[in-house]
1. Would you mind finding the one in T174, T131, T146 that is within 28 Å of D258 (Cα to Cα), over 19 Å from the mean Cα position of the chain (by Cα) and not small (G, A, S)?
2. Is it the case that the range 82-89 has a residue that's without any contact (Cβ under 8 Å) to a residue 40 or more places away in the chain, surrounded by fewer than 17 Cβ atoms within 10 Å (Cβ to Cβ) and either away from ligand 2 (no atom under 16 Å from the Cβ) or among the acidic types (D, E) (or both)?
3. Which number in (1) of a type in the set (A, V, I, L, M, F, W, C); (2) near ligand 1 (Cβ under 9 Å from one of its atoms); (3) closer than 24 Å to A232 by Cβ marks the one condition that L125 misses?
4. What's the number of the condition V220 fails, among (1) away from ligand 2 (no atom under 16 Å from the Cβ); (2) buried (at least 17 other Cβ atoms within 10 Å of the Cβ)?
5. Do you know which residues across the range 170-210 are over 26 Å from K227 (Cα atoms) and touching a residue at least 60 places away in the same chain (Cβ under 8 Å)?
6. Across the range 306-318, what is the total count of residues that are in contact (Cβ under 8 Å) with a residue 12 or more places away in the chain and loosely packed, with under 14 Cβ neighbours inside 10 Å?
7. Here is a list: D258, D345, D323. Which entry is within 15 Å of ligand 1 (Cβ to nearest atom), surrounded by fewer than 19 Cβ atoms within 10 Å (Cβ to Cβ) and acidic (D, E)?
8. So is H239 out of contact with any Leu (no Cβ under 7 Å at 6 or more places or on another chain) and at pLDDT 95 or above or not?
Amino acid sequence: MKNILVTGGAGFIGSHVIRKLVTSYPEYQIVNLDKLTYAGNLENLKDIENAGNYTFVKGCITDEKLVSEVFATHKITHVIHLAAESHVDRSISDPLIFVRTNLIGTSNLLLCAKNYWADDFDNKLFYHVSTDEVYGSLGMDNSLFTEQTAYDPRSPYSASKAGSDHMVRAFWHTYHFPIVISNCSNNYGPNQFPEKLIPLFINNIINGKALPVYGKGENVRDWLHVKDHADAIDIILHHGKKGETYNIGGHNEWTNIDLVRLMCDTVDQKLGKETGTSRELISFVKDRAGHDMRYAIDASKIDNDLGWTPNYTFEEGLAETVDWYLNNSEWLKNVTSGAYKEYYDTMYAS
Ligand code: NAD
Ligand code: TYD
């Protein structure tokens, strides 16, 4: 029996995690605490919103009173903490909100959990979901991030996530507070807000808009399907060892420009356009400030210790993702117009 608080459950990865937990474990109670920022969209959870084991609470993870009440009301035993400001470009233009949510918000959650659990940590867990970006940037060789790689964050986003990881580990070492952390590579799949590379470019291709590739498009990312990430989170929640870190990755490195060409060709093929049509939309633009060159993950620990490997091949995952955006034009329209936000802001007006 678990009463699980999932933070950021209305976002991209959080909504997949909630759906998986609500449907796979009807005996668990799942509470979704989300502020509904621009990135939080309850349409992502329409199919399970009336499930008997699911509750939504609108609120901010920095709000000590509210978070304490959520712990007490729902007798929370486990936390899966995903709520964050998550987009690097936004962190470059507005770093402080990243410090508030990612660092202060995580610290507040840790303290509220510690206080509510009153230092009785039996059958309790605080699972912190983090990113491979805390490790910094790799060269164009075969090197990989392992769990031992020293932290070297280089954007306000990754620095704020690194700070939150440090705080979580500090609670483990100082108070024997029960934690586990995972650091994952770039996710893609349904319901991702169209500001990140893959959904932004699919949307632009569909609408015949320019595809702004930063610099020369030579930067490399390792891409993992969001459902594979949700599976890994489920396994770590149930079988991860307390105090440990697990790296999660797709063994799936792409330069941005190769990936953009693949997206163009995949959409062209699905829309019956001649191959090469959408490649015309590619436009090289000024590079991102401090742009990390390459991320790549050594995921052998989670494979060896917990038996997790990705299920999706990238070709099938990307094709399925393109289909999802083509078949969910209403979702995309609501998100890009901001209509979803107006609707839920009115519904949850305080
Ligand atoms: P997202 O931006 O899609 O969603 C974030 C969610 O958090 C939204 O629902 C938003 O409303 C909520 N939120 C933001 N600030 C909040 C606050 N102060 N209080 C309560 N809720 C708040 O993010 P995502 O891509 O789903 O990422 C989820 C987590 O996974 C983040 O912690 C991120 O660092 C991590 N991560 C993401 C990726 C990726 O590729 N997207 C990869 C590795 C790790
Ligand atoms: P993004 O999806 O923002 O993820 P992250 O920066 O966290 O890896 O970007 C993925 C890569 O795509 C990154 O190298 C930046 C690049 N990119 C572009 O070239 N153009 C864009 O418009 C965006 C959003 C990203």
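1. T146
2. no
3. So the condition that L125 fails would be (2).
4. All conditions are met except number (1).
5. F171, W172, Y175, F177, G208, K209, A210
6. 2
7. Step by step, each of D258, D345, D323 is checked, and only D345 is within 15 Å of ligand 1 (Cβ to nearest atom), surrounded by fewer than 19 Cβ atoms within 10 Å (Cβ to Cβ) and acidic (D, E).
8. Answer is no for this residue.
The values are calculated or read from the model by the stated rules, or taken from the named source; none is laboratory data. This structure is a prediction, so every number in the text was calculated from the model and none was measured. Here Cβ is always computed from backbone atoms with ideal geometry, including for glycine, and neighbour counts include all displayed protein chains.
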